[in-house]
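The values are calculated or read from the model by the stated rules, or taken from the named source; none is laboratory data. Model, not experiment: these values are computed from the prediction. Each accessible area value is taken on the protein alone, full model and side chains, heavy atoms only, with ligands, DNA and RNA left out. Shrake-Rupley method; radii C 1.70, N 1.55, O 1.52, S 1.80 Å.
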Amino acid sequence: MITYFFVFLAVLAVASAIAMVISKNTVNSALFLVLNMVALAGLFLLLKAQFLAIIQVLVYAGAIMVLFLFVIMLLNVEAEVSLFNKLRVKYFVAFLLGVGVFSQILYSIGSFSDTLPTVSPEMASVGTVEAVGDVLFTKYLLPFELTAILLTAAVVGAIIAPIAM
């Protein structure tokens, strides 16, 4: 079963990457990139790296891509208005098909239980938040603190620079 999930996520990642490059519309390209990042997060979950999967979804697919979409939509205001004025039936059909496929995926996942293989005790703790925090605050404490000081100085500089001018 895990092989099927891997194949599905790998095909989804490759297909969304190809669609992102081929698409002529910048908004669609950005949305394909979000889909690619979600597929990569699924692959991280299959590798038992929960922390990387959550960071992939929250930081990259969530925050950064929303920022990209806002910038793209602000730059192409006229093109986006004309895009949504035509082909409303296709969007409605695509939404219904997407809901249907998503519900079938949820039904398929829900119908199987206890299908994942057993994981060794060492592997179960590799990608967790506790493991990342343990390494971050023991082995890499000095670079972590230096990065925190650098980012704090950058924020203070960004706040004080307009006041000083």
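Structural remarks
- Solvent-accessible area of Leu96, all protein chains in place: 90 Å² (probe radius 1.4 Å, heavy atoms, ligands and nucleic acids excluded).
- Area of Tyr91 that stays accessible when all protein chains are in place (1.4 Å probe, Å², to 10): 100 Å²
- Note on surface exposure: Met73, Met20 rank Met73, Met20 by accessible area, highest first, 1.4 Å probe.
- For the set Lys48, Lys24, the ranking by accessible area, highest first and with no ligand, DNA or RNA atoms included, is Lys24, Lys48 under a 1.4 Å probe.
- Computed with a 1.4 Å probe over protein heavy atoms only, the accessible area of Phe6 comes to about 110 Å².
- Element breakdown for the stretch 1-48 at a 1.4 angstrom probe: carbon and sulfur atoms account for 82% of the accessible area.
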